[in-house]
Each structure stands twice: as C-alpha cells, then as structure tokens.
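Chemist: Got a structure for you, questions after.
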Amino acid sequence: MRHSVLILDDDTDFNNLLTDIFEQADYIVTSLEDPFKAIEAIADTEIDLVVTDHKMPEMSGVEFIAQVKKRQPKVPVIMVSGFLENDTIRDLINRGIGGVFLKPLNIFSLLERTAELIEESKRVDPDSQDSVEHSEEEELNENISAELGVPFHSFPCKSKASAHFAEKLYNLRNFNSNLSLIGEPGTHFSEICEDIRTFYANEKEQFIYLGIVSFNADQVLSMLVEAEQPGVERVTCVLLDVELMTNEQKALAIALSKSEGVFESVGVSVRTIFCVSGDLDVLYDLDQIDEDLYILMGTAEVIVPPLRECRSDITVMAQQLLAKLMNEKGLSSDRRFDAAARDFLSQYHWDQNFAQLKETVRRVLELSSEHVISLVAVSSALQSTIAATPRARVEAHLSSARNDYLRATAILLDSENSKVASFYGTEERLIESALK
C-alpha cells in the first residue's frame, strides 16, 4: 500500500528536491509552498506524514504543525531546516515532532525515519488491525526472558529485531563446534557472549575470551590447561575481532576450532565463537578472511542487529549503562534521561552501535551533573565523543556515506541490484550484501 506525504517548503528548489526523493521512494506526494494551502489540504485529505520547513515568511513551522495537529492529531511530522539551536530541537521534540533533519539532508536517514513514523502511527491506531499485531509483538518482546527461561541482558528485547535475535541465539545454544556472531562495527560481542554463558548456569561450562593481543598458541594452551578443572566438561573460546587478526592468528583459530595441530592433545572438549565486524562475503572478497575460515564461519552464523534496527531498545540500554557506570563510580544511580533526550537517543543513527552509545553515556556523566539529563547534555556528549575520536568519525562517515549512496542508487534504479552493480562496475552479490 502506497502512503501519502505532504511537503511544505517555501524554497521552490528544495521543495522540488524533497518531492523527487519521496516520489522515487514510491510515496504519493502533495507538494506545497503556501502554509495556508497546506492547512486546507490537511483538512480535506488523509495524510500519512507531513514534512515541513521551520522558517517561512507567512507562518513558522511550529505554528503550521499546531494547525496540522488540530485537524489530524495522529499524523507524524518531520521538521527540515538549515539550522536549529539545541533548545529549539528539544522544544520541537517535546511538541511531538517525529524527526528533525538539518540541511544538507541524509536522504536515506530521512526515508528510513519516514517509514518508521508511518509504521508507528498505524500501530497506535486502535481501529487498525496493525495495532492488535503490535500489541501481541510487544507482549512477546517484554516477556522474552521468561520465554527463554534465562535472563537476556545484551538487548532489552523491546523491539522485534532484538527479540528474534535473542530467540535465535538461544535456539543455537547447543552448537557443537562453531558459532559465528556477525555484527557491524561497535557491536557489543562480549556482552552477547555473556548472555550465551548464562544459558549454562553451572560450572561444567567455562568461557575464555581471546582478543588479538592475547591470541597465541602458548597463551591459549595455558588457559585451556587452567580450565581443565574437575567437573568442567567443555570450554567455549570466544575469539574477538577475527577480521583484524594476522594470517597466523586466523590459521590458529581454525586449528583451535577443529582441535588440530597444537590443540590436538587438549584434554577437554572445546568449541569456538567467532565474533566479526562486517559481512562475511565482503570480508572474503577483501581477503580479510581466507576460504577455509570463510567456510568454517559460515556453517552457523547469527546476524546481530544494529542499534538502528532496535530503536525501542536504545533508551533502555542507555539507562542501564547510566546506572552501571554510576554504580562503578560509587554514585547514586537514580539519574535519568528526560523525554526529549530519550527521543533523541532512539532516533539517532548510532553508526558505531553499542560502543558509541556507551561512550556517549560515559561522556554525559563527565560533562553534566543534571539529575534529569537533558537533550542538550546528550547532544553535547555525543559531539565531544565524535570529536575525541577522529578516526572513528571518519570511518563511520565513510561507511555511512557508502551505504547511503548505494541505497539512493538502488531507489533510483527501481531496486534492481543488477542495475546497481552495473552502474558501479562490480558484482551483484557485493551489492546485495552491502544493501542487506
């Protein structure tokens, strides 16, 4: 079903640009430059979403939105502007604005947020069948730990993506030899593996975490010997940052997984969890993993959802991180984020996933003493985090820009991956992998 979008912007060129973007994404677009005509259109036509400018000569965006809400209270609104102060952004979110975007636009983020807002608006409609399905889904997500019979901490499982991830991970808990966790940069693999460890709440299962610094034959053999205690039936070796390992370490990882070579004489059953940031097909094509490791890791893989697919989880995760960090500092843990800050946290793209969220919360504690943490405090902490890690900023920007260009190209070429591949002069499977 095609959805309808009303666009209000008195800048003709920018209005035309927005119109092209939404029409290419298969929306039914009503494009207007006069706010009074836009109000008439809202009164006469059911609109699924409104996109409006902030500064207009005859009526401000805030005034226009107030008129929209009088006529269609449930319609979501996105504000687009050349510049907005933090206080203005906070005020807009407090007024119920679903998204605030600054020029120049990130086209994919705009379309992504549009789809989310329309979906959310349909879910909360009591007369919509979608609302019944959503209620059932939320009930499942809220009770996922009870369904599994064990606690699950790495994701609160408030979203469909994280709940499905938890279920799949639990169903694979009895893997015999290898399991691959595939995530984007900044994924919290250690926390996820701790959840796997809780699936075995007894002393018969030992977990060993191995990073690229500590992963060598002598170190691993020493740790395995130490783990061979009475009653221990199996050791699970968690290999972190596999894509960053040297060729010698990758060969060692294969030997460990197969209990071959120097590990052949180990007297305890060993299984391996590979943790890798990046798509296996792409890493293989870039020669970051060889064929043997590629085949081995592909036998049982679980994709860890990025935070942008788990928006319902983000504010809970941020609050949990806040409480944990304050507890570590011996401080009172009753601080919380206000509504505007929570909305911002859930809407932000989080290119570096959990690692970026954790660092942002840590910086909030350093920069702000507010009992109720505001949007301005969160925004300042996020900006200082980005500024403090220029390499991460550049890598995140390049990765995001590449994905945005690919998705924009896919939209313009009718989502035909063969055409996109031909346009960029590459293989179709690489395009499919990147877009996935």
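The values are calculated or read from the model by the stated rules, or taken from the named source; none is laboratory data. This one's a predicted model, so the numbers in the text were calculated from it and none came from an experiment. Quick reminder, even Gly has a Cβ in these numbers, built from the backbone with ideal geometry, and neighbours come from all protein chains shown.
Chemist: With the checklist (1) surrounded by fewer than 17 Cβ atoms within 10 Å (Cβ to Cβ); (2) assigned to a helix (DSSP H, G or I); (3) without any contact (Cβ under 8 Å) to a residue 40 or more places away in the chain in hand, flag the one item Val213 doesn't pass.
Modeler: It is condition (2) that Val213 fails.
Chemist: Right, next: In segment 225-240, which residues are surrounded by 15 or more Cβ atoms within 10 Å (Cβ to Cβ) and assigned to a helix (DSSP H, G or I)?
Modeler: Correct list: Ala227 only.
Chemist: Is there a residue in segment 154-172 that is buried (at least 18 other Cβ atoms within 10 Å of the Cβ), among the charged types (D, E, K, R) and either within 30 Å of Leu256 (Cα to Cα) or modelled with pLDDT under 85 (or both)?
Modeler: no
Chemist: Residue check: is Val77 at pLDDT 80 or above, under 24 Å from Ser159 (Cβ atoms), not assigned by TED's automatic domain parsing to the domain that holds Ala381 and not charged (D, E, K, R)?
Modeler: Here the answer is yes, as Val77 does meet what is asked.
Chemist: So for segment 293-309 (the condition being more than 30 Å from Asn178 (Cα to Cα), surrounded by fewer than 18 Cβ atoms within 10 Å (Cβ to Cβ) and among the small types (Gly, Ala, Ser)), does at least one residue qualify?
Modeler: no
Chemist: Can you pull out the residues in segment 241-288 that are of a type outside the set (S, T, N, Q), surrounded by fewer than 16 Cβ atoms within 10 Å (Cβ to Cβ) and in a loop (DSSP other than H, G, I, E, B)?
Modeler: Scanning segment 241-288 gives Glu260, Glu264, Gly267, Val268, Leu286, Asp287.
Chemist: Determine if segment 50-71 includes at least one residue that is more than 13 Å from Val5 (Cα to Cα) and part of a strand (DSSP E or B).
Modeler: Scanning segment 50-71 turns up at least one residue that is more than 13 Å from Val5 (Cα to Cα) and part of a strand (DSSP E or B).
Chemist: Test each condition in (1) farther than 24 Å from Glu191 by Cβ; (2) modelled with pLDDT under 60 for Glu395 and report the one that comes out false.
Modeler: (1)
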